[in-house]
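The values are calculated or read from the model by the stated rules, or taken from the named source; none is laboratory data. Keep in mind it's a predicted model, so treat the numbers as computed, not measured. Counting neighbours? That spans all protein chains shown, and the Cβs are built from the backbone with ideal geometry, glycine included. Just the protein is used for accessible areas: all its heavy atoms, side chains included, with ligands, DNA and RNA removed. Shrake-Rupley method; radii C 1.70, N 1.55, O 1.52, S 1.80 Å.
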Amino acid sequence: MMKARDIVRQVKTGAMTAKQAVRECLAQIEKLNPQINALLEVFEEEALARAARIDAKPAEQRGALAGVCVALKDNIEFEGHTMSCASRMLANYKAVYNATVVERLLAADAIIIGRANMDEFAMGSSNETSAFGPVKNPLDLTRVPGGSSGGSAAAVAAGIAPIALGSDTGGSVRQPAAFCGVVGIKPTYGRVSRYGLAAFASSLDQIGPLTADVQDNILALSVISGADKKDSTCTARPPFAAEDCKIQNLTVGIPLDFLRDLNPAVAAALNKAKEVLQSKGVKFKDISLPHAKYALPAYYIVACGEASSNLARFDGLRYGYKAQGARDLEDTYLKNRAAFGPEVKRRIMLGAYSLGSAHAQDYYLKAKKVFAVIRRDFELAFSGVDAVLTPCAPTTAFKLNDKNRDLISLYLSDLYTVPANIAGVPAVSAPFGRDADNLPVGLQFYGNYFEENKIYALAAALEGQ
Ligand code: GLN
């Protein structure tokens with residue numbers, strides 16, 4: 001598959017038409033999507049019609065993503081199109097407006113090619129909680145693509161779309177990127193508008209792009225980022241500027257106390273990355289993130305709490321699935337809310353429990369205090385280094401159905417990713433090395449607030465090594 005930036009260059013000069021670019025994606029979809037189930041719906045006619053309109057524009061008016069197909073995670077609003085969050089609850093919901101990121105993609109002449117499968121309401125790490133079937137990893141069909149943005153990562157890895165958008169609340173862009181061998185970023189909280197993203201845990205959610213390489217990721221982030229009056233948590237800063245990504249004079253910290261018992265392939269990749277970067281002049285320092293080990297339990301308390309509150313609106317009366325034949329009010333709730341799958345129900349129950357007045361002191365409020373000390377760990381770390389290097393996930397892509405019966409080990413696959421959401425800092429996952437089964441290993445760089453430029457530069461320095 002061509003890189004997004006090459007498509008743009010060719011479409012802008014007329015060396016290739018946007019229609020040809022769309023046709024290539026459609027051919028790949030036809031070939032691979034039936035097996036991998038990455039896209040839940042393909043907007044074929046519409047994409048071709050849009051491409052024709054872009055081709056009809058004078059060349060100099062074609063935008064920064066002219067002719068580039070984008071797969072949109074199915075929790076981002078695209079007006080007039082179904083947005084199901086891979087749930088029976090919203091199976092028939094049609095978006096009534098565009099998310100800000102969608103507005104920006106369209107203004108840049110990108111072409112939204114379809115809805116990417118995901119874990120139901122973005123809850124999961126393997127894409128197996130989707131109500132519309134799991135996604136299979138295009139690199140090995142017996143394995144999961146990671147989650148929750150598994151469809152987005154698989155679409156890029158399969159050459160279905162050069163860019164996909166995902167959402168990351170605890171690692172859902174980065175971990176699937178690692179499992180599928182692509183690049184994914186969780187931008188600084190507030191870098192990208194959340195307007196039009198179905199909320200999971202609003203204080204942690206960020207939209208981020210997945211691409212085949214770093215350069216394309218930079219291009220995608222520069223289009224979707226920037227101030228937005230419709231999201232009060234969005235930064236007032238201008239969009240991310242690609243020019244600032246330089247590797248000179250960087251110091252990277254490795255938090256040894258947080259990286260115990262690494263899987264051998266992951267440990268080997270980490271050491272090799274250190275050597276490669278050192279050979280390019282990057283300095284390394286051992287650092288400590290003493291409270292990062294508490295990130296995971298604290299995350300699951302806060303994320304479930306916010307989810308139980310955010311998902312309360314789906315009662316079938318105002319929003320969501322409406323069952324037939326309910327006898328009375330209670331029966332209405334029971335029948336309508338039954339449209340949620342088991343993982344979503346579990347989290348709503350856990351969240352409602354930990355937010356309840358009898359328990360909030362012991363769980364939710366304590367977890368928020370843990371968040372504060374983790375944030376302080378990062379602030380201290382970034383007073384001495386420019387970036388922090390960790391693996392993205394403890395393992396490479398595991399087998400489908402493997403972790404279904406052991407939730408704790410599934411939750412543990414977010415061990416290294418959740419601290420970024422808790423601290424609000426950016427983190428990028430990039431493929432580096434392979435394990436004994438030839439599956440990609442993903443490494444992760446954390447950056448200081450709004451310093452995506454540095455972590456992109458580091459990730460780019462590992463490419464092709
Ligand atoms: N896998 C994590 C979870 O299940 C993260 C999800 C996400 O980032 N949306 O909560």
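Remarks
- Beta bridges per DSSP with both ends in the chain, % antiparallel, nearest 5: 65 percent
- The chain, relative contact order in percent, only Cα pairs under 8 angstrom and at least six apart counted: 17 percent
- Rounded Å value of the spacing that divides the Cα centres of region 1-42 and region 270-330: 31 Å
- Semi-axis lengths (Å, descending) of the ellipsoid that matches the C-alpha gyration tensor of region 182-295: 30, 19, 14
- Debye intensity ratio in log₁₀ form over the Cα atoms of region 230-280, taken at each q of 0.22, 0.28 Å⁻¹: -0.89, -1.15
- Distant-in-sequence amide H partners of E41 (H built 1.01 Å from N, under 5 Å): R115
- Between the amide H of S126 and those of G147, distances stay under 5 Å, these residues lying 5 or more places away or on another chain, with hydrogens modeled in the peptide plane.
- Positive contributions from Lys and Arg (+1) and negative ones from Asp and Glu (-1), summed over other residues with Cβ under 13 Å from the Cβ of P176, come out at +1.
- Charge context of S167, other residues only, Cβ under 11 angstrom, K/R +1, D/E -1: -1
- Reduced Cα scattering model of region 252-318, Debye log10 I(q)/I(0), q = 0.11, 0.25 Å⁻¹: -0.50, -1.09
- Scaled against 2.2 N^0.38 Å for its residue count N, the alpha carbon radius of gyration of region 16-119 is 1.08.
- Gap separating the Cα centres of region 354-380 and region 140-184, nearest whole Å: 30 Å
- Taking the 1.4 Å solvent-accessible surface of region 80-175 as the whole, the part contributed by carbon and sulfur is 53%.
- Beyond 15 Å, the tail of the calculated P(r) for region 163-220 holds 42 percent of the Cα pairs.
- Packing-based ranking, highest mean first, of 422-434, 261-273 given that Cβ atoms within 10 Å are counted: 422-434, 261-273
- Cα pair distances of the chain binned at 20 Å [whole percent]: 27, 59, 14, 0
- Cysteines having no other Cys beta carbon under 4.7 Å from their own, within the chain: C85, C180, C234, C245, C304, C392
- Under 20 Å of direct C-alpha separation, and excluding same-chain neighbours fewer than eight residues apart, K322 reaches these lysines: K94, K335, K345.
- Cα-based Rg of region 255-400 normalised by 2.2 N^0.38 Å, two decimals: 1.49
- Solvent exposure of the chain amounts to 38 Å² per residue of accessible area, where only protein heavy atoms count and the probe is 1.4 Å.
- Nonlocal amide H pairs with I287, under 5 Å, H built at 1.01 Å: I254, L256
- CD proxy at 222 nm, helix term only [per DSSP H run n ≥ 4: -39500 (n - 2.57); per residue of the chain; nearest 500]: -11000 deg cm²/dmol
- The C-alpha radius of gyration of region 131-238, expressed as a fraction of 2.2 N^0.38 Å, stands at 1.05.
- Extents of region 26-79, largest first, come to 39, 25, 18 Å (Cα atoms, principal axes, whole angstrom).
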